[in-house]
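The values are calculated or read from the model by the stated rules, or taken from the named source; none is laboratory data. All of these numbers come straight from a predicted model, not from anything done at the bench. Note that we place each Cβ from the backbone using ideal geometry, even for glycine, and neighbour counts take in every protein chain shown.
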Amino acid sequence: MLNTLLGQKEKMSHTFVEGQRVPVTFVKTGPCVVTQIKNKDRDGYWSIQLGFGDKKLKNTTKQLEGHLREVIKDNKAPRFLREVRVESEPKLKVGDIVLAKDIFKKGDVVAVTGTSKGKGFAGVVKRWGFAGGPKTHGQSDRQRAPGSIGQGTTPGRVLKGKKMGGRMGNERVTVKNLIVVDVDEEKNEVVVSGAIPGRPGGLILLKKLHSGSLDDLVQETPQPQIVEGEEESPAEEAKPEVKEGENKNES
């Protein structure tokens, strides 16, 4: 059974679920067209290749044009192609259209995969969260330096995987356990809770993990508990103490 669709990140906003404010992201999912069905006997596994978006046919290579000849319409071809594995023989065929309402519904728990924003070259403080050097005791240029990167003669090299400055972002990132807040069937939009990776307009893979409920978004607010038989009474006014033998009218 197909549980994944291609989409495009649109914008972030917020909504209210049972009186609680929830940040959400709008994802335009589909319509996706089936461009290829892979067979277990021929290819070794079952999978469905989906196409999303469109581009002019003149911007498509001849090889890809031949591959997509059954789904090319109005002189346009799918812009993005991604393969989704399935466990058994799918009921879909090449040319079928898959919409958001066919897979997702309110309360579903999903995983969102996208390409994170590129940050360029970043130092260790921004990239890895290093604390940096001391601000005092005579140092002048060590505040955001990485510090030591290894030993001396032994091993005499920098070990692989050492956290250092370098290119940050522009990586494939998956965020799991987000909840579908709403599904707009007319616009083919899926509204998911929280933030998702990538810039607006970036390609997104939306995968359904399992069914759920919007109640998971609502956090229980602790209510004050009053034990039966114990009621709060107004504070008694403090009265001045008068000792025996003392006259209150003494000046």
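Does THR113 satisfy the condition of being touching a Leu at 6+ places or on another chain (Cβ under 6 Å), outside the structural domain of ILE72 (by TED's automatic domain parsing) and outside any helix (DSSP H, G or I)? Taking the combined requirement at face value, the residue satisfies it. Condition test on VAL158, is it over 28 Å from LEU68 (Cβ atoms), part of a loop (DSSP other than H, G, I, E, B) and out of contact with any helix residue (DSSP H, G or I) (no Cβ under 6 Å at 6 or more places or on another chain)? Answer is yes for this residue. For beta carbons closer than 6 Å, sequence separation of 6+ or different chains, a first residue in the stretch 13-34 that is over 20 Å from ASN188 (Cα atoms) and in the same structural domain as ARG82 (by TED's automatic domain parsing) and a second that is modelled with pLDDT under 90 and surrounded by 12 or more Cβ atoms within 10 Å (Cβ to Cβ), there are no qualifying pairs. For the stretch 87-94, the count of residues that are part of a strand (DSSP E or B) and out of contact with any Gly (no Cβ under 9 Å at 6 or more places or on another chain) is zero. Does any residue of the stretch 49-58 turn out to be assigned to a helix (DSSP H, G or I), over 21 Å from the mean Cα position of the chain (by Cα), over 21 Å from GLU189 (Cα atoms) and not hydroxyl-bearing (Ser, Thr, Tyr)? Yes. Among the residues of the stretch 166-185, those that are at positive phi and in contact with a Gly (Cβ under 8 Å, 6 or more places away or on another chain) comprise GLY169, ASN170. Restricting the first member to the stretch 89-111 and to residues that are on the phi > 0 side of the Ramachandran plot, and the second to residues that are of a type in the set (A, V, I, L, M) and in a loop (DSSP other than H, G, I, E, B), the beta-carbon pairs closer than 6 Å and six or more apart or on different chains are GLY95/VAL71.
Restricting attention to the stretch 42-81, and to residues there that are in contact with a helix residue (DSSP H, G or I) (Cβ under 9 Å, 6 or more places away or on another chain), over 20 Å from VAL98 (Cβ atoms) and not polar (S, T, N, Q), which single residue is surrounded by the most Cβ atoms within 10 Å (Cβ to Cβ)? Per the criteria, the residue is LEU57. Screening GLY66 with (1) closer than 22 Å to LEU2 by Cβ; (2) without any contact (Cβ under 8 Å) to a residue 40 or more places away in the chain gives one miss only, at (1). In the stretch 6-41, of all residues being buried (at least 18 other Cβ atoms within 10 Å of the Cβ) and of a type in the set (Gly, Ala, Ser), the one that is nearest to LEU68 (Cα to Cα) corresponds to GLY30.
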